[in-house]
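What follows is a short report on a single structure.
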Amino acid sequence: MKLKKIGFGGGCHWCTEAIFQSLRGVVNVAQGYIKSTGDEHYFSEAIIVSYNSGIIMLKDLIEIHLHTHKSTSNHSFRKKYRSAIYYFEELDKSNIRYLLDQQQQNFKTPIITKILPFYEFLPSREELLNYYLKNPEKPFCKKYVHPKLEFLRHNYGTVMK
């Protein structure tokens, strides 16, 4: 089994965690805060996905990420919710760029998601981890997570657990 890692930031990490936990081939989802380098040196809500590249492709992970958060919206909460894909290996950077360029045709406005080197991770507090799995009936989950999981079932059912 060849495990790879990729980081995703976009919206609330509770939603992002639940989305990627529901996918076949995803072995672990670490929820917390990621920072990169340069202008993106501050922590922003994100997850690290460890996945079996023999079961789920990076292409699918990126496509799902782009379609389950506001990847074309430069809203006022972007510092807290940076739209980003964090790479762990320099070789992945050009592949991620290619996959983002391919996905642009599926969006009416430009994708603002940044491709950034991973620098540091700070895990969420224990009570926030696996938030949806522990609290599926909470109002937040019903309002924000359920619709995203329904979108996944409808559009990506073949890659869901």
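The largest accessible area among LEU100, LEU133 belongs to the first residue in LEU133, LEU100, and the rest follow in falling order (1.4 Å probe, all chains).
Accessible surface for segment 1-135, divided over its residues, is 50 Å² per residue with a 1.4 Å probe. In terms of accessible area, using a 1.4 Å probe and ignoring ligands and nucleic acids, THR158, THR109, THR68 rank largest first as THR158, THR109, THR68. Among ASN28, ASN95, ASN130, the largest mean-square fluctuation in a Gaussian network model of the chain (Cα springs under 10 Å) belongs to ASN95.
For the chain, a Gaussian network of Cα nodes joined below 10 Å ranks TYR33, TYR98, TYR119 by mean-square fluctuation, and the top entry is TYR98. Per residue, the convex hull around the alpha carbon atoms of segment 45-98 comes to 97 Å³. Here is the list for segment 1-58: trypsin sites (Lys or Arg not before Pro) lying in DSSP coil, each with at most 10 other C-beta atoms within 10 angstrom of its C-beta, are LYS2.
Carbon-plus-sulfur accessible fraction, the chain (probe radius 1.4 Å, protein heavy atoms only): 54%. Placing unit charges on the Cβ atoms only, positive for Lys and Arg and negative for Asp and Glu, gives the chain a dipole magnitude near 360 debye about its Cα centre.
Looking at SER22, GLN102, THR37, which one has the Cα that reaches farthest to the positive end of the dipole of the chain (charges on Cβ: Lys, Arg +1; Asp, Glu -1)? Final value for the positive-end residue is SER22. Taking 0.36 nm per residue of separation and subtracting the Cα-Cα distance, full extension of the segment from ASN130 to ASN74 would add 17.4 nm.
Mean residue ellipticity at 222 nm, helices only, the chain: -8500 deg cm²/dmol; runs of at least 4 DSSP H residues each add -39,500 (n - 2.57), and the sum is divided by the number of residues. Taking Cα centre as origin and charging only the Cβ of basic (Lys, Arg, +1) and acidic (Asp, Glu, -1) residues, the dipole magnitude of segment 89-161 rounds to 440 debye. Among the GluC sites (Glu not before Pro) found in segment 77-124, those both in a DSSP coil and sparsely packed, with 16 or fewer other Cβ atoms within 10 Å of their Cβ, are GLU89.
The values are calculated or read from the model by the stated rules, or taken from the named source; none is laboratory data. Everything quoted here is computed from the prediction, not taken from an experiment. Neighbour counts are summed over all protein chains in view; Cβ atoms, including those assigned to glycine, are modelled from backbone coordinates with ideal geometry. Ligands, DNA and RNA are stripped out before the accessible areas are found, and what is left, the full protein with its side chains, is counted by its heavy atoms. Shrake-Rupley method; radii C 1.70, N 1.55, O 1.52, S 1.80 Å.
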